[in-house]
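Written out below as structure tokens is the structure these notes cover.
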Amino acid sequence: MTTQADPQVAVKPAGSFKLSMLLNDTRYRSLTFQFIALVAIIATMAFVGGNLVRNLAEAGLNISYAFLGEPAGYDINQRPIEYDSQSSHGRAAVVGLLNTLIVAFLACVTATIFGVIAGVLRLSNNWIVSKLMSFYVEIFRNVPVLIWILIIFSIMINAMPAPRDFRGDNATSSMLFDAFAFTNRGVYSPKPILGDGSMIVIGVFIASIVGIFLFRKFARTQLYEHGKLIPTFWPSVGLFFVPVILAQLVLGSPITLEYPALKGFNFQGGMQIRGSLIALWFALAIYTGAFIAENVRAGILAISKGQTEAAGALGLRPNRIMNLVVLPQALRVIIPPLISQYLNITKNSSLAIAVGYMDVTGTLGGITLLQTGRAIETVLLLMLFYLTVSLLISAVMNVFNNRMKLQER
């Protein structure tokens with residue numbers, strides 16, 4: 001029995017390629033349009049770039065980044081690395097970049113904690129708890145984040161005690177555990193001092209963190225594949241503290257702490273976390289946490305109630321049902337919008353200039369731009385920085401999202 005071949009899908013003999021096939025043949029048409037679009041984009045960018053260079057040349061200007069090696073001439077209040085006013089503009093930009101990454105990382109972690117807790121509690125059967133979480137979500141997400149930054153910063157300045165309140169026998173304020181001082185200038189805490197052998201202790205700490213992840217992965221494998229429930233909380237706490245403490249004792253405490261002390265008009269020594277950093281950090285966290293809470297709530301509601309009922313029928317407690325059954329499945333719904341929230345935190349950190357926190361926008365895009373007049377160069381560097389960080393966050397979260405997908409067997 002023979003069948004008549006469809007002329008539209010017939011395989012063309014080798015060597016019969018014609019230029020018309022680039023548009024008429026579906027095998028090549030999409031590639032042709034993609035190539036045309038790529039050429040058009042490159043031509044447009046080349047035209048815009050060439051036009052910019054010609055206009056700058058006519059105005060007697062040129063694009064140069066030599067200013068990055070010139071002395072900055074200004075101070076930065078929050079310095080994660082060594083810096084003074086005689087350092088270069090390039091180093092000032094690095095300091096601002098690190099400040100941006102610090103506040104973005106802290107805000108992402110804290111916002112995730114706030115959001116997960118609020119999202120879960122908003123579905124609580126307790127009416128008061130549910131309404132309190134609803135109040136938190138509606139209040140914080142409907143007020144601009146800049147307003148929250150200013151509110152928290154104003155509260156810190158006006159409500160927190162001044163350093164002079166810690167002085168004398170009749171002091172109205174005292175340090176917490178003789179180690180932490182909460183003032184209107186920020187929080188003063190002990191600062192670690194690294195000595196000989198400190199790198200070994202740091203290596204042990206990193207190994208402990210890796211051990212915790214491996215142990216929890218092993219516990220999940222035992223639970224999902226063999227039905228064995230292995231406690232993870234206290235073993236994780238032990239892995240976190242015990243190896244580091246033993247390494248400290250064996251090596252003779254190579255890592256020591258420098259405590260802050262009130263000397264003159266301010267605290268000296270230790271580590272200062274400025275009020276501007278705290279205000280920006282918590283404002284971004286509580287603001288974005290309200291949006292994450294809604295993402296978490298939507299993810300939980302996307303899971304069938306039959307999953308919860310089945311887990312309850314097996315005798316699992318409500319907290320284990322949430323941790324072992326509901327949330328792992330809800331992550332597939334939560335993670336995609338969570339990526340956008342992390343990107344928003346990173347970009348919203350540019351509002352730091354409102355409270356005097358010197359991030360990369362305040363250093364490179366602020367004082368450096370005003371002093372050098374290199375607007376194009378500084379703006380291009382800012383765009384490159386934010387684009388790079390955003391793409392890295394997206395890449396990492398997309399890898400995590402792929403691991404959370406349903407695996408077919």
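Proximity of backbone amide H atoms, modeled 1.01 Å from N, is registered between Thr256 and Ile193, Gly195 at under 5 Å, excluding neighbours fewer than 5 places apart on the same chain. Rounded to the nearest whole Hz, the Karplus-based 3J(HN,Hα) values (6.51 cos²θ - 1.76 cosθ + 1.60, θ = phi - 60°) of segment 340-354 follow the sequence 5, 5, 5, 5, 5, 4, 4, 6, 5, 5, 5, 6, 4, 4, 5, with x at glycine and proline. Here the alpha carbons of the chain define both size measures, Rg and Dmax, at 28.6, 108 Å.
Once both labels are positioned 7 Å from their Cα atoms along Cα-to-Cβ, the gap between Lys191 and Leu132 label points is 3.9 nm. Ordered by solvent-accessible area of protein heavy atoms (1.4 Å probe), largest first, the residues Arg122, Arg27, Arg185 come out as Arg27, Arg185, Arg122. Mean separation of Cα pairs under 8 Å and 6 or more residues apart, divided by the residue count, gives the chain a relative contact order of 21 percent.
Keeping every protein chain present and rolling a 1.4 Å probe, give me the accessible area per residue for segment 215-340 in Å².
57
Between Ala261 and Asn77, the C-beta separation translates, for a Förster distance of 25 Å, into a calculated FRET efficiency of about 0.75.
Here Leu52 and Asn398 are evaluated by their C-beta separation; at R0 = 22 Å the FRET efficiency comes out at 0.10. Rounded to two decimals, the Cα radius of gyration of segment 85-234 over 2.2 N^0.38 Å is 1.52.
Label point of Ser16 set 7 angstrom out along Cα-Cβ; within segment 23-52, amide nitrogens under 19 Å from it belong to 23-29.
Note that segment 74-79 has calculated 3J(HN,Hα) couplings of 9, 9, 10, 6, 9, 10 Hz, one per residue in order, obtained from phi through the Karplus relation 6.51 cos²θ - 1.76 cosθ + 1.60 (θ = phi - 60°); glycine and proline are x. Considering the chain as a Gaussian network with a 10 Å cut-off on Cα pairs, which listed residue, Ile278, Ile292, Ile128, attains the greatest mean-square fluctuation? Highest fluctuation among the options: Ile128.
Taking amide H as placed 1.01 Å from N in the peptide plane, Gly186 has its amide H under 5 Å from the amide H of Gly275, each at least 5 places away in sequence or on another chain.
Pairs of Lys residues in the chain that lie 8 or more places apart, or on two chains, and have C-alpha atoms under 27 angstrom apart add up to 8. Quick one: if the Förster radius is 60 Å, what FRET efficiency do Arg167 and Ala43 give, using the C-beta to C-beta distance and rounding to 0.05? Result of the calculation: an efficiency of 0.30.
Under the rule that an exposed site lies in a DSSP loop and has at most 12 other Cβ atoms within 10 Å, name the longest stretch of the chain with no chymotrypsin sites (Phe, Trp or Tyr not before Pro) of that kind, not counting the sites themselves.
In short, 18-176.
The values are calculated or read from the model by the stated rules, or taken from the named source; none is laboratory data. Predicted model only: the values in this text are computed from it and were never measured. Every residue, glycine as well, gets a Cβ built from its backbone with ideal geometry; the counts of neighbours run over all protein chains shown. Each accessible area value is taken on the protein alone, full model and side chains, heavy atoms only, with ligands, DNA and RNA left out. Shrake-Rupley method; radii C 1.70, N 1.55, O 1.52, S 1.80 Å.
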